[in-house]
Amino acid sequence: MSDQKFDVIFIGAGPAGYVGAIRAAQLGLKVACVDAFTGKDGKQALGGTCLNVGCIPSKALLDSSKQFYNIAHNLPVHGITVDGAKVDLATFIGRKDKIVKQFTGGIGQLFKANKVTAFYGMGKLLKGNQVEITAQDGGKQTISATNVVLASGSVPIELPFAKFDGKHVVDNAGALDFTEVPKRLGVIGAGVIGLELGSVWRRLGAEVTVLEAMPDFLGAADADIAKIAFKEFTKLGLNIKMGAKLSKAEVKKDGVHLVYADKDGEQSLVVDKLLVAVGRRAYTDGLLAEDTGVKLDERGRIVVDEHCHTGVDGVWAIGDAVRGPMLAHKGSEEGVAVAEWIAGKAGHVNFDTIPWVIYTEPEIAWAGKTEKQLKDEGVPYKVGTFPFAAIGRAVAMNEAFGQVKMLAHAETDRILGVHMVGPGVSELIAECVVAMEFKGSSEDLARIVHAHPTLSEAVHEAALSVDKRAIHKGN
Ligand code: FAD
Ligand code: NAD
C-alpha cells in the first residue's frame, strides 16, 4: 500500500517543518514534507501560520500602517507636512498578499532546489511510521519513512462565548484582511497578537479597546519594560483595560455587543469588529492514528523529550505543537536540530537565549531572565539601564523613547537577561543574544567598540551602567 519510501517525512511546512526538511535534505536524506495549507488563490501555500497568516503578513501591515501614522504624527516635527494623506485599503492589503505569495512560493522553489518532495493534503501518522495523506478531493495515498517529524503547528484558541464567524468576530487571519478600517475595534487579549494587530488598525484610525483578563500587562516581559510600553501604547491611543473578563459577545445589527467584568463591576461595550487573540493551542486534530503511541500533555501538546523525540521509535515533534515558546525561530531551530540528530550529528537548541520580539511602536525585545525571575530564584544580580532619550541617533530620528535594561550576575558579571523597549530593539537584541550564548559578561559588552552615533550605543551604555560607569547619564 505504501509506494513511496523516504528517510524522513515532515508533517507540516511551517517554519519548523520546512526548515527541518531543507536541513535534512542538505544532509543527504530523502525527504518529504506534507502540508494542507491553502492560500488565497486556492492552491497549496507552504510556510504555515508564519508565512500565510502570522509573522510575515503582520509585519507587512505593521510597516505600512507605520508609514501612514508617521505622516501625521512624526513628519511635522521634521518640518514636513503632507495634506490629504489617505489609505487605499485594497492596495494596503494587496501589498501584504504579494509579500506572502512571494515567500510561500519561495519555499516551493527551495524544496525543488533541495529535492524535498512536497505533498498537498492532511497527513496522519499511522503505526509503523507510515503517513496517510488525504487530498482536498478526499483521495488518499500512504507514504512511509524511517523517521517522521510532526510539525503541525498551532491554531487560535476560541472562546465559547465569542466564537469566530470570520466576519464580525475574527482571529488573526481575519484581522489581517479587513476590507475597511473598523470604526470601533475590540480586541480580547493584550498579548502579542492583540498589541501588534491592534496597533495596525489604531494607526489607520480605528478606536481600539483591548480587554485583558490578567491584572498585569505583558506578564512574560520584565515589569519595568512592560510599564514603559503600556504608557507608549496609551499615547498611541490603544485603550487597554486590564483585569477585564469577557463573558458575552453577541453579534447584533449595530455591532458586536460585549459584556465584561472589571474591578468596577459589569461593563458593556459595542464594537464593529472583535479580534479574539487569547493565545494559541497545539494543532493535532486528525494527526495521529489511535495506536501510534504518541502522547499529548494536559494542554494538548505533543509530548517530547529535550531532543524533540516522542518516545516512539523514529517519531519526533517540533515547533508550536510541542512545549516551549510559540515562536517561528524556536520551531526552525528545533527543525534543524532534529534533522541533524536524525543524520547522526550533534543538533542543539539553547532555550535560555531565545529572543522575544514584539513589533509594536515602540518595539519590545528581550532574552534571558526578567528581574522578577532572578528575585524569585534567589540569584544575586546587578542592573544597568540606559534611556534612548540620551542616545543621539534616537533623538535625531525623533524616536527617543524607551530604554535598555541589562541584568548581570552580582558575582560573576555573566549577563542573565537583557530587556528593551524603544526604536530598533528587534535588531539590537541580537548582539545581546550572541553575548549570552558565549556566556559573556556585562564587562565584555562594555569593552566592545560600538559605532557612534547608533542605537546600539544604548546597549553599550546599559552594559557600562551595570558597573555604574555609564558616560551619558548619572549612575
Ligand atoms: P505552523 O506555522 O502553524 O505550521 C504548521 C503547518 O502544518 C500549517 O501549514 C498547517 O496547515 C500544517 N498542518 C497541520 N496539521 C497538518 C496535517 N495533519 N497534515 C498536513 N499539514 C498539517 N512568531 C515569531 O517568531 N515572530 C513573529 O513575528 C510572529 N508573528 C506572529 C503573528 C501572528 C498573527 C501569529 C498568529 C503568529 C506569529 N508568530 C510569530 C508565531 C509563529 O507564526 C509560530 O510560532 C510558527 O508559525 C510556528 O511554526 P510551526 O512550523 O510549528 O507551525
Ligand atoms: P498571548 O499568549 O501572547 O496573549 C494572549 C493574552 O490573552 C494574554 O495576555 C492572556 O492573559 C489574555 N487572555 C487569555 N484569555 C483571555 C480572556 N478570556 N479574556 C481576556 N484576555 C484573555 O497570545 P496571542 O497574542 O494570541 O499570540 C499567540 C502566540 O503567537 C504568542 O504567544 C506568540 O508565541 C505568538 N506570536 C508571536 C509574535 C511575535 O513573536 N512577535 C507575534 C504574534 C504571535
* Kindly indicate whether Thr49 is hydroxyl-bearing (Ser, Thr, Tyr), in a helix (DSSP H, G or I) and either within 16 Å of ligand 2 (Cβ to nearest atom) or surrounded by fewer than 12 Cβ atoms within 10 Å (Cβ to Cβ) (or both). => yes
* **Only one of Gly54, Gly17 that is closer than 19 Å to Val336 by Cβ, near ligand 1 (Cβ under 7 Å from one of its atoms) and in the same structural domain as Trp316 (by TED's automatic domain parsing)** => Gly17
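Can you say whether Gly335 is modelled with pLDDT of 95 or more and part of a loop (DSSP other than H, G, I, E, B), as far as the supplied structure shows? Let's see the steps before the verdict.
On the way: modelled with pLDDT of 95 or more: yes; part of a loop (DSSP other than H, G, I, E, B): no.
Spelling it out, it is not the case that Gly335 is modelled with pLDDT of 95 or more and part of a loop (DSSP other than H, G, I, E, B).
In this structure, does Asp216 turn out to be more than 15 Å from ligand 1 (Cβ to nearest atom) and assigned by TED's automatic domain parsing to the domain that holds Cys50?
Values: more than 15 Å from ligand 1 (Cβ to nearest atom): yes; assigned by TED's automatic domain parsing to the domain that holds Cys50: no.
The answer is no for Asp216.
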* **Number of the exception - Asp224 against (1) away from ligand 1 (no atom under 16 Å from the Cβ); (2) touching a strand residue (DSSP E or B) at 6+ places or on another chain (Cβ under 7 Å); (3) more than 20 Å from Met420 (Cβ to Cβ)** => (3)
* Looking only at the stretch 74-94, decide whether some residue is within 18 Å of Ala16 (Cβ to Cβ) and among the polar types (S, T, N, Q). => no
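From Ala365, Ala346, grab the single residue that is in contact with a strand residue (DSSP E or B) (Cβ under 7 Å, 6 or more places away or on another chain) and more than 19 Å from Pro15 (Cα to Cα).
Values: Ala346 fails: in contact with a strand residue (DSSP E or B) (Cβ under 7 Å, 6 or more places away or on another chain).
Sole residue among the options that is in contact with a strand residue (DSSP E or B) (Cβ under 7 Å, 6 or more places away or on another chain) and more than 19 Å from Pro15 (Cα to Cα): Ala365.
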* Mind listing just one residue for me: the one in the stretch 357-409 that is touching a Pro at 6+ places or on another chain (Cβ under 6 Å) and part of a helix (DSSP H, G or I) and, of those, surrounded by the most Cβ atoms within 10 Å (Cβ to Cβ)? => Ala394
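The values are calculated or read from the model by the stated rules, or taken from the named source; none is laboratory data. Since we're looking at a predicted model, the values are computed, not measured. Positions of Cβ are generated from backbone atoms using ideal geometry, with glycine treated the same way; all protein chains shown enter the neighbour counts.
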